[in-house]
Amino acid sequence: MSVWAAYVFPGQASQKVGMGLSVYEAYSSARAVFDEADATLGFPISTLCFEGPSEELTRTINVQPALVATSMACLKAAQQALGSKFPTPAFLAGHSLGEYTALVAADSLSLADTLRLVRERGRLMYEAGLKSPGSMMAVIAFDRTPLQEVCAAAGVEISNVNAPGQLVISGAVDKLEIAAELAKERGARRVIPLNVSGAFHSTLMDPVLDEFNRFLESFEFRAPKTPIVSNVTAQPLTEGGAMRGELLAQLRHCIQWQPSVEYMTLNGVTTYYEIGPGTVLSGLVRRTSPETQTINISGVEDIAAIENPAPSA
């Protein structure tokens, strides 16, 4: 039976020191990705991925190109090692920053251009956080409708619909504190502050939108070879001309990850390959579509497990 696969790519918060090192050491295709990243950015982003320090890696301006490079290195390594054992995807999707990795995987934008783009995106997101200070909070075991009411009362916004019972809100810090208290009063199990430098995917990103749009205009996007499911609409993007508007919109609009997974599952996807560091997206997929399978590819052990699966009990 054929496998209907989707490749999904992680965003910020999936990084860790040491990411990408095992595929870099084992596969020439992964080495080529990191070598191109180092040359494009003009400094050894590979060393930052492999050795840290963590504080420097997690800076928004660094972590975005680092995650794109690592995820693409993992993808190229899997393709080199597995060949026809690695199913061709029906869809690609990425969570926030991960959508940029999807652009590279779909051949809509080159790796070098994407790295330059996300480096500037990271700089501008940090700058927006200085101009309009804010943060983000995860709200656990609370439905979207009552959370919308809480957000309206507190003056914040829902910024991520990640999975059933896993939502994220963005806004000014004092308003987030009000929202957290209201959500807990109305039944939210937990409200968790996130370690971020701004209120991403909200209107507090507005101060840098014009500058980011001007930067986006310097890039030419090709039609993706595989449909990319939009963070903003949870519908497939198939035309190069749609990409610029998508990337601008997702900087300040809610990330619709749960609806994206629901769309892909409804349209036949049975197996999700999370390609890049961490297992965040696999957990969100399982909560959204528990009938599907998730497979992680973040290093050589994951690739070996696909190449030589353990015998069934």
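The values are calculated or read from the model by the stated rules, or taken from the named source; none is laboratory data. On a predicted model such as this, the values are computed, not experimentally measured, just so you know. For neighbour counting, all protein chains shown are included, and Cβ atoms are generated from backbone atoms with ideal geometry for every residue, glycine included.
At a glance:
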quantity: Lone qualifier among 37, 6, 13, 30 - being within 30 Å of residue 168 (Cα to Cα) and not in a loop (DSSP other than H, G, I, E, B); calculated: 6
quantity: Some residue of segment 56-73 being in the same structural domain as residue 301 (by TED's automatic domain parsing), among the charged types (D, E, K, R) and not in a helix (DSSP H, G or I); calculated: yes
quantity: Residues of segment 28-44 satisfying the condition of being crowded, with 21+ Cβ neighbours inside 10 Å and free of Cβ contacts under 8 Å to residues at least 60 places away in the same chain; calculated: 30, 34
quantity: Flag if residue 268 is surrounded by fewer than 22 Cβ atoms within 10 Å (Cβ to Cβ), in contact with a Lys or Arg (Cβ under 6 Å, 6 or more places away or on another chain) and more than 27 Å from residue 197 (Cβ to Cβ); calculated: no
quantity: Any chance residue 13 is assigned by TED's automatic domain parsing to the domain that holds residue 255, of a type in the set (A, V, I, L, M, F, W, C), buried (at least 19 other Cβ atoms within 10 Å of the Cβ) and under 28 Å from residue 231 (Cα atoms); calculated: no
quantity: Tally, over segment 1-52, of residues that are closer than 17 Å to residue 302 by Cβ and either small (Gly, Ala, Ser) or touching a strand residue (DSSP E or B) at 6+ places or on another chain (Cβ under 7 Å) (or both); calculated: 14
quantity: Residues being crowded, with 22+ Cβ neighbours inside 10 Å, polar (S, T, N, Q) and touching a Lys or Arg at 6+ places or on another chain (Cβ under 9 Å) - total across segment 201-256; calculated: 1
quantity: Spans of helices (runs of 4 or more DSSP H) in segment 97-196 with at least 1 residues assigned by TED's automatic domain parsing to the domain that holds residue 76 and at pLDDT below 95; calculated: 111-131
quantity: Lone unmet requirement of (1) within 19 Å of the chain's Cα centre (by Cα); (2) crowded, with 17+ Cβ neighbours inside 10 Å for residue 287; calculated: (2)
quantity: Some residue of segment 53-68 being farther than 27 Å from residue 272 by Cβ and either touching a strand residue (DSSP E or B) at 6+ places or on another chain (Cβ under 8 Å) or of a type in the set (Lys, Arg) (or both); calculated: yes
quantity: Residues of segment 266-302 classified as in contact with an Asp or Glu (Cβ under 8 Å, 6 or more places away or on another chain) and free of Cβ contacts under 8 Å to residues at least 60 places away in the same chain, total; calculated: 5
